[in-house]
Amino acid sequence: MLALGLSVGMLGGCDKLLEVQLPAQLTDAALTSPGSAGIYVNSLIAHFEDAYDFHAYRTFGREDAGEVYLCGPMCNVSNYVTVYDHFTPFSRSLWFGRQLRAKLETEWTAQQVPQRDRHLATISLYEGATLAVFATNLCEITLDAGPLLRPEQVLDLADAALTRALDEIQTSRDFALQNNIASSAQNMAYGLRAQVRWFKGDKAGALADAQQVPQGFVARVTRDPGEARQNRGWTSGTNGGFFELYDPIDWWTGLPNPVTGKAWPNVIPFTGFTFLGILPDGRAVHDDGVPVRTQAGWHNAHGVVAGAVPDTRVTHRTAQIQGKQGQGEVSTKYSAESSPINLVNWKEMVLIRAEIEGGQKAIDLVNELRIADDLPRVTYADPNNAEQIRYMIIEERRRALFNEARFFYSKLKNMDVLWFPRDNGGTRFQRRALQGGIRYVMPNSEYIANPNLSPAMKASACAQHERPINPL
Amino acid sequence: MTTGQLLHRGFSIASLLAMATGLSAQTGIVAGRVMDQATGGPLAAAQVFIPGLNVGNLTTQDGRFLILSVPVGTHTLLVQRIGYRPATEEITVQADQTVQQNFTMSQQALGLDEIIVTGTPGGTQRRAIGNSVVSMDAARVTESAVIPNMNAMLMGRSAGVLSGSGGGAIGVGADISIRGYGSFSRERAQPLIYVDGVRVNNDPSVGPNMAGGRGGNVMNDFNAADIESIEIIKGPAAATLYGTEASAGVIQIITKKGAQGAPQFTASIAEGRNFMRGPHNRMGWMWACKDLPRVPCAEDQVVPYSYMHLMNAALRDGTFNPEWNYTQWPQKNVLQYGPSRSYNLNVRGGTERIRYFLSANHDYEEGGVYYNSDEATRLRGNIGVVLSDLFSVDVSTGFVSGQTSYEGQVGTRGGLFDQIVWGNGYCTPYVADQSNPCPRVLGMQQMIPTDIAKIYSIRDFDRFTGSATLNFNNSGWLASRSVVGIDRGWDKNEWVHPIETTQANVIQETRDGKVLYETPMNSELTFDWSATASFGLGRSWTTASSVGAQFYSRTREMLSTVGEGFVSPLSRTINQTPITRSSIDYEYVQNKSLGFYVQEQIGWNGRLFLTGAVRFDDNSAFGTEFDPVLYPKFSGTWVISEESFWNLDFFESLRLRSAWGKAGQQPNTFAGVNTFGAMAGPGGTSALTPSSTGNPDVGPEVSTELEIGFDVSVLDGRASGEFNWYKTRSRDNLLNINLPPSRGQASSIQSNVGVIDKWGWEATLSTTLYESRTLLFGIDLNGAYTMNEIKELGDFPGSSTIKLGWTYPPHGQFGTQEQTKVVRAEYDPKGPIVDPWGRRVQAYCDSGVFLGPEGTTRRGSQYGANMGGQIVPCQEAGGYEITPGIAFAPYNFSITPNLALAGGALRMHAKFDGSHGRTGNDRMSLWHDRYNTSYGSVTHNDPLYSAAYRINQFAQRAYFNGDFWKLREVGVRYELPTPVASLMGAQRVALGFSGRELAVIWWKDKGDLGLGPVSPRAMNHPATRALDPEFGRGQLGDGGHRTWPPMSSFHMRIDVTF
């Protein structure tokens, strides 16, 4: 017993022997001083931007842009995976925002953190942007391990966050965000809120916000050289030749339109991104939804019309396609790994206004874009033909917002005519299964680890017509 | 008086050494020689002594011994050596006379009196240890056959010890598992490894982080030829004194030591070849459609083709693809007979005071392709010094420097073998109209061999392992041992993708070039002190009280850089990438543990021993709220055959034993604290990201084991063996529990949850069936049953791979998709499934057997289901996952016949390994075909395939019958007659031949590749491939479907002793 006692006593007295160095790891102590406020801001933006970068290139696939032959980093694009795995970095952005807000509101004073008001506004901006992404991509969402929320609820939260951002910008006065993210925080907030309200169907609110965003304004997700912050759309698709742009799709034999139940036409409307053209009368899309093209692509000549001029907004080049054993077209939207991705684009604001106002006003607004890009103005359209105006705007969004992850939301709002390849079908050549889904669901771990959820609840809050068919 | 009683009377080696000097007037000399009965050769380092007098000596290199100053009279002279049956002779010593007494020792699998290295100083006789300890004569193993690495040394040689094959590629290693898995972590299931008393790095996965993880096991850094013996302590009941981290067992490696006598040199040269046995037949054929690329194709349009023939023809002719022909591939065939060379030189000798063993070794070998190689140079110096009558010191040093060039170096795609077996049927030019749609790849998956060979993945390694052991012994009653040692490794990992310039680029990384450069450094520091005081309590009772303290510190430091965008096609290093496209990471992990133990052993008449011990451990990884942990043990052993009432002469000895004890496994280093890592912020600013979320309550997992067994020797020692039954319960198992991603913190938190039970039995039997002066024949047998099951998960609801009622680890190749449900299908006009031809199929699924806690039947996300339920239409089977069973076959056997002729001059052995039971081993031979489009050409005509594919419930795709027998190893050794050796100027000359992985003798699944009664028609196709029953068992429980099947080899060797 004496020996036992001695052993216990020795262990108690030898704590110093067990002290270890962890120089490569930072602990909570790194975030306790007011001087770390800037680190919080950098961290919340960095996580948002990295997540959005993945989101954008994944969404490119959801916009039916093309096909991957050599399964690799782009594989998920063509597979239409149904789990939204950038949910985690987006949530981390929210976490850094929550932590910083708590410290700014309860611990750190304005004297200690001179940029306090701007930090608060920045937190709200990115919170709103993150919630908007969640609400428009996922069909059910949880925040901070809370209960399941429907997208409409999260859209309201995004709206509220951006409204708060505008209030905080009033307090701090407008400012530019770092690294040329945006020249005006206020314009960025209006643009983001316009997107949210447009998606919600708040036409008046969307119109009012969109009108606040001046021509030429963009807020961007910035990218930097190097593997850590490179533009993955450029790296994985454009640069490497791993993602061949589709010609108009004429090979689909899978499920019919999930909304109408009707079989798809032989050529799927609003598909194909190669050799897009515009006729001298401004027409970019045929009445059947097939885009106007200047020449045949590698696979077909659907939509080709003599006299069309190239649409310089949808650029691509011929490249050796990895895995195809042949050439094809790859996007040149992004010219470098540091190319930024537009988060708020004034062109989308114009198109939101066009969609809401309709008629001749819509034509005039579209022509604002055409003039800005020196493309033929629209003269063919009948302002009283609502279907024609609708098609014009859909196609204009497809082109003006090419590879910016914004056309996907047009698809969600026009599911009666825009294609969602679901399950039971595959890509043209490799027959990779398109696993099927219109919206994403959260990662499995959320359903397992969130005490408010269970695996059985996966996709339970999704609307039936948006629910992933096979939400693995 | 029995041998055990003789030994028990306070004998110690050190005391013998100390007292075997000096003469007196009434004394004489005892001299002689000790020989091995099987080999006829001399036995060095055998202990020869007179227990009653505490005098003795060790035999020299040539087996001779000399004991001076032996008092006149009649004495019992005893000789003992590990692995041999002790022998005694009565001698009568007369004053100033020399008594000549020779011994011939016969081998013995289990010697009750052999000294076992335990946690206490000086070792302990096996008879006093209440648990099973495997004692392997490694020197004899390496003498009998060329042993390429430590994995091969352990594989199948000890019941209950499993080693993965590591795959067939050279340089890769494998996990080692002792009594299965009791942790939710393969790393935690690795046994501790000690080399000459110092704890060493036991990482089973080192090298560049390539596809499927890192490749090597650092245990293979050691030279098998330098090892004298290996002792394996199997479970918590035995490993208590080793404390936290020891619950998966302990492997003690004891390197060769010096021996008294003139320097004796041994040179050894081995030359051999590594090769894939019968690649054409084993890899079989693939299928293509005549009207490519129409997949699926009609049944009568399917054509098989031999892939290996095609590849070799393409290489020879250079006609299929100008980018790959004999001008760019240095050999005439795709696969080669890889050279394998090994050179060893050692010298051992010494005086009474100083003994030494020095060795140098160089190994080089290549695998099935020329760029897969492993090269190492090793040096060892072991010196033992008797400082005084009380003190001696043993210094052990080893250094290795080498390089491994790995085969599977292509991104997420594995290597050449992977490309071959995943070949695209519709890309082969072997079609009737030559309308090959993708001629470049020749039917390979995505790359041709030259694409792969240009990439290289290398581990450069330097490692020093050294220890100094100070022994104190005051003539028997008090002994202490102090060990200080270090194991330090300096590795460099490179993974280089040069810019592709000569042919079309098909690998993303070779477009601009990419390099990974890492410098992992490991340092393990051990301080170990222990002491034992032994006393006699009257005529019958003895007591041994031991105390010990151990401090262990492990540091891992790694600088990693990744760069993209080489400035030139000639670029190979990180500095030739622009700084803007490179990234750097630095990892520094330190862990320390401190433990103390107290042990009391009470013995009665040298045949009954009771031992109790307790160990206290603290560890730097324990949470701040967690107290030091206590591990107790108790054991008892009774040599019942030495009791007076025992009258069964059939038994030479019978020992009963039982042990109960605890040991642990520590949490991860950062388990207790929140940590953040740096990340790049916008515009080059600094930002943070959560690395880990700390759990202040985290502590070690604790395993409790009960082991019951017996050792037996019968028929005058012609058959001896042991049997163990054990049951281990691991509580507070460490598991990384996912945090909800929506919290925005690290992805998981390490927590103590759940219970895993593992149980089984082990049996070994060593026999000498016939023995004469010219011929000796025996068979060694061992077998084991190993099983585990997850019993509790606490509040953790389970995951897709961890559920109650399941084994751990899951077989890994498909991760979470263990949907082995469809067992039968047939065409049925009323069936719900439509195949590609519009035919309707009805499928039947195994509805599974649900297992809740302790055998109850429950359903829910926490509870798993196993195969074996009712067979019902799949639409009625439910949407749950079913596990196919344990990741390795639960029954494992080994049979090793040994034959010695001509007085041991010619020796032969063959080692047969087998297994039985369901296993999740990854058989590419089966499931590759299921996914391959060429196979689809056939199977789309099969209702089972259609059913499984259409409802995404693949039939038995990861579920195999693990029954097989294979000829794992043969060894032949012929020792030239001494006169012939003398003519060559040598004392001994031996020629050897050995082979590994020579044949699959029987494989239950070979005929139908595991599909059994539900075999689709393609399984009966003559073109069915049949690789190897252990294919994919690169790591235990892992899906190594991109690894090579086990590589065969032949070696010739010559050993010269002079």
In Å and from the alpha-carbon atoms only, list the Rg and Dmax of the range B:689-802.
23.4, 77
Under a cut-off of 21 Å between alpha-carbon atoms, report the lysines in cross-link reach of A:K16, not counting same-chain residues fewer than 8 places apart.
B:K592
Two-site label geometry, B:E187 and B:D795: point separation in nm, points 7 Å out along Cα→Cβ
2.6
Acute angle (nearest 10 degrees) that the helix A:346-357 long axis makes with the longest principal axis of chain A, alpha-carbon atoms
60
So what is the relative contact order for the range B:120-250, in percent, with contacts set as C-alpha pairs under 8 Å and at least six apart?
28
Modelled label reach - A:T109, point 7 Å along Cα→Cβ, the range A:32-48 residues with backbone N closer than 20 Å
A:32-38
Cα centroid of the range A:354-428 to Cα centroid of the range B:492-549, whole Å:
60
In debye, nearest 20: dipole of the range B:150-200 around its Cα centre with unit charges on the Cβ of K, R (+) and D, E (-)?
120
Can you tell me which aspartates and glutamates have their Cα less than 20 Å from the Cα of A:K324? Leave out same-chain residues fewer than eight positions away.
A:D64, A:E67, A:E244, A:D247, A:D250, B:D291, B:E323, B:D418, B:D451, B:E500, B:E509, B:D512
Grab the beta carbon distance between B:S523 and B:F391, set R0 = 35 Å, and tell me the FRET efficiency rounded to 0.05.
0.80
Within the range A:182-253: Cβ-based charge dipole about Cα centre, in debye rounded to nearest 20 (Lys, Arg +1; Asp, Glu -1)
440
Distance (nanometres) between label positions extended 7 Å along Cα→Cβ at B:T104 and B:V834:
8.3
Magnitude of the charge dipole, the range B:472-576, Cβ model with Lys/Arg +1 and Asp/Glu -1, debye to 20:
560
To the nearest 0.05, the calculated FRET efficiency linking B:E643 and B:R718 through their beta-carbon distance, R0 being 25 Å, is 0.65
Sequence-separation-based contact order of chain A, relative, with Cα cut under 8 Å and 6+ spacing, percent
19
What does the extension gain come out to for B:E90 and B:S540, with contour length at 0.36 nm per residue minus their alpha carbon separation?
159.6 nm
Given the candidates A:G358, A:Q99, A:S36, the one whose Cα lies deepest towards the positive end of the charge dipole of chain A, counting +1 at each Lys or Arg C-beta and -1 at each Asp or Glu C-beta, is A:G358
Once label points are set 7 Å from the Cα along Cα→Cβ at both B:T74 and B:Y343, what is their separation, rounded to one decimal in nm?
5.8
Which listed residue (B:L739, B:V755, B:T728) has the Cα farthest towards the positive end of the charge dipole for the range B:722-768, taking +1 on Lys and Arg C-beta and -1 on Asp and Glu C-beta about the Cα centre?
B:L739
Could you tell me the relative contact order of the range B:184-231? Use alpha-carbon pairs under 8 Å, at least six residues apart, and round to a whole percent.
23
Please compare each pair in A:K203/A:K361; B:K727/B:K1004; A:K411/A:K458 to a cut-off of 18 Å on the Cα-Cα distance and tell me which ones are over it.
B:K727/B:K1004; A:K411/A:K458
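Suppose R0 equals 30 Å; then what is the FRET efficiency for A:I371 and A:T163 from their Cβ-Cβ distance, rounded to the nearest 0.05? It would help to have the intermediate numbers written out before the result.
Details: r = 33 Å, r/R0 = 1.10.
Using R0 = 30 Å, I get an efficiency of 0.35.
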Taking θ = phi - 60°, what integer Hz values does the Karplus form 6.51 cos²θ - 1.76 cosθ + 1.60 yield along the range A:92-97, in sequence order, with x for Gly and Pro?
5, 4, 4, 4, 4, x
Which one of B:P667, B:N647, B:L630 is farthest out on the positive end of the charge dipole of the range B:597-691, using unit charges on Cβ (Lys, Arg +1; Asp, Glu -1) and the Cα centre as origin?
B:P667
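Each reported figure results from applying straightforward, stated rules to the coordinates on display, with no laboratory input. These numbers were taken from a predicted model, which means no experiment stands behind them. All Cβ positions, even for glycine, are placed from backbone atoms using ideal geometry, and neighbour counts span all protein chains on display.
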